[in-house]
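Input: a single structure, listed below in C-alpha cells.
The values are calculated or read from the model by the stated rules, or taken from the named source; none is laboratory data. All values derive from a computational prediction rather than experimental measurement. Neighbour counts run over all protein chains shown; Cβ positions are idealised from the backbone, glycine included.
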C-alpha cells in the first residue's frame, strides 16, 4: 500500500474508533497513530478468532477500527477515564 493510503486508512480507523467510544479522541495525529496500530492489533486479534471483515479498503478500515477500539479501551483503563 502507498504510505498516503496507509495514513488515510489509519486516520479513518482511529476516528471511527474514537466516535464509537465517545470521549476517546486524540486529535488527528493521535487518531492516525491509533488507527495504524489498531490495524495491526485488529488483524492479529481477528485472525486468532478466525474472523475476516472482508478485503480491500473497507475491510482494512473496519479491521483497523476494531483494533483501534481495543487500544482505546486499554488506554481508558490505564488512564482511569470513563
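Do we have residue 58 as surrounded by 19 or more Cβ atoms within 10 Å (Cβ to Cβ), under 14 Å from the mean Cα position of the chain (by Cα) and in a helix (DSSP H, G or I) here? Answer is no for this residue. Across region 30-41, the qualifying residues are those that are at pLDDT below 85 and surrounded by fewer than 23 Cβ atoms within 10 Å (Cβ to Cβ), and the one among them that is farthest from residue 66 (Cα to Cα) is 30. One residue stands out in region 45-55 among those that are modelled with pLDDT of 85 or more and exposed (fewer than 13 other Cβ atoms within 10 Å of the Cβ): the one that is nearest to residue 5 (Cα to Cα), namely 52. Just one of the listed residues (29, 77, 69) is part of a helix (DSSP H, G or I), farther than 19 Å from residue 2 by Cα and without any contact (Cβ under 8 Å) to a residue 40 or more places away in the chain, namely 77. Check whether at least one residue in region 3-24 is assigned to a loop (DSSP other than H, G, I, E, B), modelled with pLDDT under 85 and either under 13 Å from the mean Cα position of the chain (by Cα) or surrounded by 11 or more Cβ atoms within 10 Å (Cβ to Cβ) (or both), and report yes or no. Yes, the conditions are met somewhere in region 3-24.
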